[in-house]
Amino acid sequence: MVEVRGGEFIPLYGTKTEVPVGNFLMDVYPVTNAEFLEFVEQNPRWRKSQVKQLFADENYLRSWKNDLSLGSDNLPNSPVTNVSWFAAKNYCECQDKRLPSIDEWEYVAMANETSPDARSEKSYNQYILSWYETPNTFKNTVGNTFKNYWGVFDLHGLVWEWTSDFNSVMIGGESRQDSTGDNNLFCGAAAVGATDLMNYAAFMRYAFRGSVKARYSVKNLGFRCVRDIEKSNL
């Protein structure tokens with residue numbers, strides 16, 4: 001894990017309120033198939049044949065050969081996908097960690113190699129959008145994208161990632177400490193409002209988060225964990 005120094009930032013276009021983010025630790029890489037395999041070995045209730053339908057849909061670990069075998073199409077060092085929010089959350093808890101909040105994830109993900117906030121750079125946003133158009137990147141191994149300012153890899157260019165409050169933008173602005181109506185984000189007007197590359201990339205992320213439910217298991221959706229500083233011995 002690496003330490004992320006907190007601060008304040010404006011997380012989404014159309015919002016004028018800065019959101020505070022505290023200091024925390026974040027996994028350098030997304031959780032891999034090998035790491036999740038070790039988890040299900042130790043926690044049988046999360047094996048694909050035993051997981052309850054309440055906590056995962058029929059696509060859960062769909063590409064694995066069986067409960068304890070990845071199969072030929074899943075490299076051990078590729079990010080685990082087809083994992084529900086419930087499973088991801090419990091995995092992090094078993095590591096004495098947690099899923100990042102949307103604001104924490106966005107805060108770290110706005111960094112490029114040299115700057116903690118590269119969102120205004122055209123080349124950076126073009127890189128993100130080109131990934132959105134590239135199929136099957138989830139089959140790649142972790143660590144093949146750039147190392148950002150904080151020392152974190154693969155926030156862009158590999159898989160989408162679960163957050164603890166992935167659907168909170170659908171609830172409204174009050175829960176996000178701002179005064180905007182986030183429900184309007186998903187109407188046609190919001191897409192029209194995404195007039196530049198940064199706004200459009202943000203719209204894509206928030207729209208994707210708003211389209212999933214906690215039991216969904218999506219082939220290009222993985223996760224990583226974070227930890228509060230005061231809970232770490234690092």
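The values are calculated or read from the model by the stated rules, or taken from the named source; none is laboratory data. Predicted model, so just to flag it, every value in this text is computed and none were measured. Neighbour counts run over all protein chains shown; Cβ positions are idealised from the backbone, glycine included. Quick note on the areas: whole protein, heavy atoms, side chains included, nothing else; ligands and nucleic acids left out. Shrake-Rupley method; radii C 1.70, N 1.55, O 1.52, S 1.80 Å.
Tabulated data
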quantity	calculated
Accessible area of D165 in the full protein assembly, 1.4 Å probe (Å², nearest 10)	40
Rounded, prolate or oblate (a/c below 1.5 giving rounded, otherwise prolate when a/b exceeds b/c) for the range 73-117 by Cα gyration tensor	oblate
Other-chain or far-sequence residues with amide H under 5 Å of F24's (modelled H)	V4, G6
Per-pair calculated FRET efficiency, R0 = 22 Å: Y132 and A34 via Cβ, rounded to 0.05	0.25
Accessible area of the chain divided out per residue, in Å², using a probe of 1.4 angstrom	48
For the range 76-99 versus the range 1-62, the gap between their alpha-carbon centres in whole angstrom	5
Nearest-10 value in Å² for the accessible area of W131, using the 1.4 Å probe	20
Debye intensity ratio in log₁₀ form over the Cα atoms of the range 1-63, taken at each q of 0.28 Å⁻¹	-1.18
Total formal charge among the other residues, if their Cβ is under 11 angstrom from that of E58, Lys/Arg +1 and Asp/Glu -1	+2
Rounded to whole Å, sorted largest first: equivalent-ellipsoid semi-axes of the chain, Cα gyration tensor	28, 19, 18
Candidate residues M204, M110: accessible-area rank, largest first, probe 1.4 Å	M204, M110
Ranked packing of 121-128, 24-31, 68-75, most packed first, by mean Cβ within 10 Å	24-31, 121-128, 68-75
Cα-based helix-to-principal-axis angle, 33-42 vs the chain, degrees rounded to 10	60
Segment N167-S123, extension gain: residue separation times 0.36 nm, minus the distance between their alpha carbons	13.0 nm
Solvent-accessible area of E18 with every protein chain in place, 1.4 Å probe, in Å² to the nearest 10	100
Built amide H within the under 5 Å cut-off of E161, gap 5+	G222
Residues whose placed amide H lies under 5 Å from that of T32, excluding near-sequence neighbours	V80
Which of F86, F153 is most accessible, then next, and so on - probe 1.4 Å	F86, F153
Accessible area in the full protein assembly, largest first, 1.4 Å probe, for K97, K213	K213, K97
